[in-house]
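Please find one structure pasted underneath; my questions will follow.
Bear in mind these aren't lab numbers, they're just calculated from the coordinates by the rules spelled out. None of the values given here were measured: they were computed from a predicted structure. With ideal geometry, Cβ positions are generated from the backbone for all residues, glycine too; neighbour counts draw on all protein chains shown.
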């Protein structure tokens, strides 16, 4: 059986707004590339489509900022 990774709009109930402090990833938010949304979820798989959630920024500038914030704590 083939499982398709399609957004079923379940993720909307876990949707979160942008943080004031800066990095969404540092605040514990995760991004689903399939659903194209940031969510607050404890698992590593999207509850909606089953795709692995992104927990770190891809952009090098944002990644450096995230790493420096992570090392401070």
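Working only within region 38-73, note down all residues that are under 19 Å from residue 18 (Cα atoms), buried (at least 18 other Cβ atoms within 10 Å of the Cβ) and in contact with a strand residue (DSSP E or B) (Cβ under 8 Å, 6 or more places away or on another chain).
38, 39, 41, 46, 53 - these are the residues of region 38-73 that are under 19 Å from residue 18 (Cα atoms), buried (at least 18 other Cβ atoms within 10 Å of the Cβ) and in contact with a strand residue (DSSP E or B) (Cβ under 8 Å, 6 or more places away or on another chain).
Still on this structure, I have one more. Across region 1-19, what is the number of residues that are crowded, with 16+ Cβ neighbours inside 10 Å and either under 13 Å from the mean Cα position of the chain (by Cα) or not in a loop (DSSP other than H, G, I, E, B) (or both)?
Number satisfying all stated conditions: 2.
Another one. State the number of residues belonging to region 20-73 that are more than 15 Å from residue 10 (Cβ to Cβ), touching a residue at least 40 places away in the same chain (Cβ under 8 Å) and not in a helix (DSSP H, G or I).
4
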